[in-house]
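Undergrad: One structure, as C-alpha cells, below. Some questions next.
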Amino acid sequence: MIGRKSHTRLSYAERIARVAAHIAANLDSDLSLERLAGIACLSPYHFHRIYRAMTGETTAETARRLRLHRAAHSLVASHDPIARIAARAGYSSVAAFTRAFAASYGLGPATYRRRGSLLPDAEPLHEKDEPMSSPWTVSVQPMPALCLAAIRHIGPYIEIGRAFDRLMPWAAARGLLGPETLGVGVFHDDPASVPAKELRSDAGITVAPEVEGDGDVGILPIAAGQHAVLRHVGPYAELEKAYDWLYCAWLPTSGYEPADRPAYEIYRNNPRDVPARDLVTDICLPLAGG
C-alpha cells in the first residue's frame, strides 16, 4: 500500500509533468507563473521552488532551452530568415538572440546555419575516400541489454524532449534517477518515409528489471548484441545528418547487416547541465548476427 508521503510525492510528479508537457507544447503561448502554477494546481508562491527541485531548472530555463533547440532545428532545416527565427524564440533583436544562441551552441546562428549546410551529405563512400574526412567515427562493439522505463512519443523526432520532460518527474518521484541512470531514445520509423506526425519513438531511462510501469510509462527491453556505435558531439538538431551518414555512407561499405531491431540513442550528458555544443550522443545501430 502506498504511504501518504509516497502518494504525495507521486502527485507532485504528475503535476510537474503536466507543466513540462504544457511548456513544450505551448512555447509561443502564455507561460506566466500564474498560468503554469494553475496547471500544476499549486500556489504561485511555492510552485517555482517545487518545479526547480523536481526538474533541476526553472520554468523560464525550460522554455529558453526548448526555444533554442527549436531555433537550431529551424536554422538547419529551413530557409526562414534569422530575424524571424529569433522572434519566434522570444528575442526582441537578432543581436540578443545571437548572444544567447552562441552561449549554448558555441556558434552564432548565421555560422551555425552555414556549418549545418557543410556537414557531410548521405553519399556512399568510395574506395578512394578517406574515412576520417567525416566528423564522425563508428566503432563496432557489444552493447549490454538494457531495461527502460519509457514514454511513447508520436510526432517529429526533434520533439521527443516533450516525452522526456514528462518522464523525469515520474522517475524522480520514485527515486529512479541516479548517477548511473542513462537517458535513451528509441526510434522506430524512417523519417524520410513516414509522415512526421506519425513517427514513433520512445523516451526512456535505464531502470532495474524489477521496476514496473505505471500509466503512460511502460517497460521497454533493449536486447544485447553487436552494435555499430557512432558518437556525436554537438546539438541534437544535427543528429539527422549523422544518421544519414551512418546508413548511407558507413553501413554499405562496412560488411555488416543491420538487425531487425530499431536504432537507439544513449545520451551521455544532460542538456540541462551542459551547453548544446557539448552534448554527447551515442547512436547505436543493432547488427545482425551479433
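The values are calculated or read from the model by the stated rules, or taken from the named source; none is laboratory data. What you see is a predicted model; the values in this text were computed from it and never measured. For neighbour counting, all protein chains shown are included, and Cβ atoms are generated from backbone atoms with ideal geometry for every residue, glycine included.
Undergrad: Please pick out the residue among 229, 184, 207 that is in contact with a Phe, Trp or Tyr (Cβ under 8 Å, 6 or more places away or on another chain), over 17 Å from residue 77 (Cβ atoms), at pLDDT 95 or above and in the same structural domain as residue 148 (by TED's automatic domain parsing).
TA: The match here is 184.
Undergrad: Of everything in the range 164-204 that's free of Cβ contacts under 8 Å to residues at least 60 places away in the same chain and within 18 Å of residue 235 (Cα to Cα), which residue is surrounded by the fewest Cβ atoms within 10 Å (Cβ to Cβ)?
TA: 164
Undergrad: Tally the residues that are out of contact with any Gly (no Cβ under 8 Å at 6 or more places or on another chain) and crowded, with 19+ Cβ neighbours inside 10 Å, restricting the search to the range 133-156. Lay out the reasoning, then the answer.
TA: In the first step, residues of the range 133-156 are kept if they are out of contact with any Gly (no Cβ under 8 Å at 6 or more places or on another chain); the result is 133-141, 144-147, 153-156.
Subsequent filtering for residues that are crowded, with 19+ Cβ neighbours inside 10 Å retains 136, 138, 146, 153.
Residues flagged as out of contact with any Gly (no Cβ under 8 Å at 6 or more places or on another chain) and crowded, with 19+ Cβ neighbours inside 10 Å within the range 133-156 amount to 4.
Undergrad: On to the next question. Only residues that are acidic (Asp, Glu), over 24 Å from residue 167 (Cβ atoms) and in contact with a strand residue (DSSP E or B) (Cβ under 9 Å, 6 or more places away or on another chain): list them for the range 214-266, please.
TA: 257, 260, listed by residue number.
Undergrad: Of these, 70, 84, which one is free of Cβ contacts under 8 Å to residues at least 40 places away in the same chain and either in a helix (DSSP H, G or I) or more than 28 Å from residue 242 (Cα to Cα) (or both)? Lay out the reasoning, then the answer.
TA: Working: 70 fails: free of Cβ contacts under 8 Å to residues at least 40 places away in the same chain.
Just one listed residue meets the conditions, 84.
Undergrad: Which is in contact with an Asp or Glu (Cβ under 7 Å, 6 or more places away or on another chain) and among the small types (Gly, Ala, Ser), of 43, 74, 32?
TA: 74
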